[in-house]
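Scroll down for the structure; my scribbles are underneath it.
The values are calculated or read from the model by the stated rules, or taken from the named source; none is laboratory data. Computed from a predicted structure; not experimentally measured. Because the Cβ atoms are built from the backbone with ideal geometry, glycine has one as well, and the counts that use them run over all protein chains shown. Just so you know, the surface numbers come from the protein's heavy atoms only, side chains and all, with ligands and any DNA or RNA stripped out. Shrake-Rupley method; radii C 1.70, N 1.55, O 1.52, S 1.80 Å.
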Amino acid sequence: MFKIILGVLLFSLCQSSHAIEPCRIEIIDSENGWPVPLVELRTTHQMRFVSDNAGVIAFDAPELMGRETWFSVEGHGYDVPADGFSKRGVRLVPEPGRTLAVKVNRQLPGKRLGRLTGGGLFAESQKLGEHIDWPETGVLGCDSVQVAVHNGKIFWAWGDTTLRQYPLGLFQSTSATSDLKPLESFEPPLKLRFEYFLDEADRPRNVAVMQGKGPTWLSGYVTLPDKDGKQRLVAHYVKIKGKLDSYESGLCVWNDETENFERLKKLWTKSDAEPKQPFGPEGHPALWKDDAGKEWLLIGDPFPRFKCPPTFEDWQNPETWQQLEQQATVPTADGKEQITPHRGSIAWNDFRKKWVAVFTQLGGKSSHLGEIWYAEADEPTGPWKGAVKVVTHNNYTFYNPRLHPELTPADSPILLFEGTYTQTFADRPQATPRYDYNQILYRLDLNELP
């Protein structure tokens, strides 16, 4: 028995003595020195390595250690100069325990800060013993975000959510809260901590379980005062079946005691007599005081199409609702092109003294739904103009961008927005490990724009 135990110990020691320590590769923005997440290095034999929220890759391919290696670089808006054969990449000699740096050039104004949701935000760094205190939430992927300030916190809600236990996850909306100022810095590495609403097993749970089959999707997420002055967190919901086919819509209200959304009223049920979903408070909200001093709740996606007085009672009363006509296209700043918006959001910006918008372009050149544009207007209803492309994704989708004015000081030149990064609706790209079907945060410095 002693010989067997000794043999096992010697075998383990032998194995550990031959384990290869990773080579640390940092991806750095050549302009500001910031780490850059979501940059892929690919070898000539198709090994893929993607930088994490700290801009780090733990390179561990034993066959390439100590050997000059070509890495193609794909950075979704960050690149390196092309060589004489139009190949964009770098030659490195990775060695165990060594740190190498790859400097990339940003092509557009938007600066990628990192991933907000999903698992392994610092997985590459953790292989090297860094950021080991970062906790996992149990969420591996989630669809578009809705945000509202309620009860002294920021409330976040997401659509369909992927967990590790089974390919089918949660489809009745997940939610979390954060501090009102959850970011210590507006530079990477990005660390925003969410406090998820959990079930009895301490796993993220559904918060909008509405009767009926299929997912429940929320939008028009906003806090409004009722006639007694109580703040009420409300949302518009739709029930989905089949291939993104809505069959019911309505209004729901957050219950502070049960920490769930509850149906307030149905607005529509699909039928032969009424096959299409009617107009309602669907999209992203903005509060506005018009020239006459009257206050309004505006909701749209990206531009307002819904308008009513900003009270809980008016929000639930269709007789107070007004339908607005949305602007179909936005001219570019150089006047050479008209951009067709797909989805997005607006907000008032004190620094620019303008209403600002970010939106996904429908039918972009680099990707069908992956090009993000910025535009401005004097009024939230438009006209919107001066569109500037600020973010690009090469053959990858980035939809439902949501501005976050609540995360920055009112007069700050920094504008933050996130969106859903997914291979869906693109031309059969390989899914990016860990990043796919998650929310990525970008920063736009408005003092750098014309």
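Tabulated data for the structure shown
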quantity	calculated
Within the stretch 317-357, considering residues that are of a type in the set (Asp, Glu) and closer than 15 Å to GLY386 by Cα, the one least open to solvent (accessible area, probe 1.4 Å)	GLU337
Subset of the stretch 140-174 [under 20 Å from PHE417 (Cβ atoms) and either free of Cβ contacts under 8 Å to residues at least 60 places away in the same chain or not small (Gly, Ala, Ser) (or both)]	CYS142, ASP143, VAL145, GLN146, VAL147, VAL149, ILE154, PHE155, TRP156, TRP158, GLY159
Single residue of the stretch 212-246 satisfying the filter (on the phi > 0 side of the Ramachandran plot and without any contact (Cβ under 8 Å) to a residue 60 or more places away in the chain) that is surrounded by the most Cβ atoms within 10 Å (Cβ to Cβ)	GLY214
Inter-residue pairs, beta-carbon under 8 Å, first on the phi > 0 side of the Ramachandran plot and assigned to a loop (DSSP other than H, G, I, E, B) and in the stretch 397-410, second of a type in the set (Lys, Arg) and buried (at least 24 other Cβ atoms within 10 Å of the Cβ), 6+ apart	none
Residue match in the stretch 97-120 (condition: under 16 Å from the mean Cα position of the chain (by Cα), among the polar types (S, T, N, Q) and at pLDDT 95 or above)	yes
The stretch 118-140, subset in contact with a Leu (Cβ under 9 Å, 6 or more places away or on another chain) and part of a loop (DSSP other than H, G, I, E, B), residue nearest to GLY55 (Cα to Cα)	LEU121
Qualifying positions in the stretch 153-194 - under 15 Å from PRO215 (Cα atoms), of a type in the set (Ser, Thr, Tyr) and assigned to a loop (DSSP other than H, G, I, E, B)	SER173
When residues of the stretch 195-211 are limited to those that are assigned to a strand (DSSP E or B) and in contact (Cβ under 8 Å) with a residue 12 or more places away in the chain, the one most open to solvent (accessible area, probe 1.4 Å)	GLU195
Some residue of the stretch 3-18 being basic (Lys, Arg) and either at pLDDT below 85 or exposed (fewer than 10 other Cβ atoms within 10 Å of the Cβ) (or both)	yes
Residue in the stretch 269-287 that is within 30 Å of ASP350 (Cα to Cα), among the hydrophobic types (A, V, I, L, M, F, W, C) and in contact (Cβ under 8 Å) with a residue 12 or more places away in the chain present	yes
The stretch 358-370 - residue that is assigned to a strand (DSSP E or B) and either modelled with pLDDT under 95 or of a type in the set (S, T, N, Q) (or both) and, of those, surrounded by the fewest Cβ atoms within 10 Å (Cβ to Cβ)	GLN361
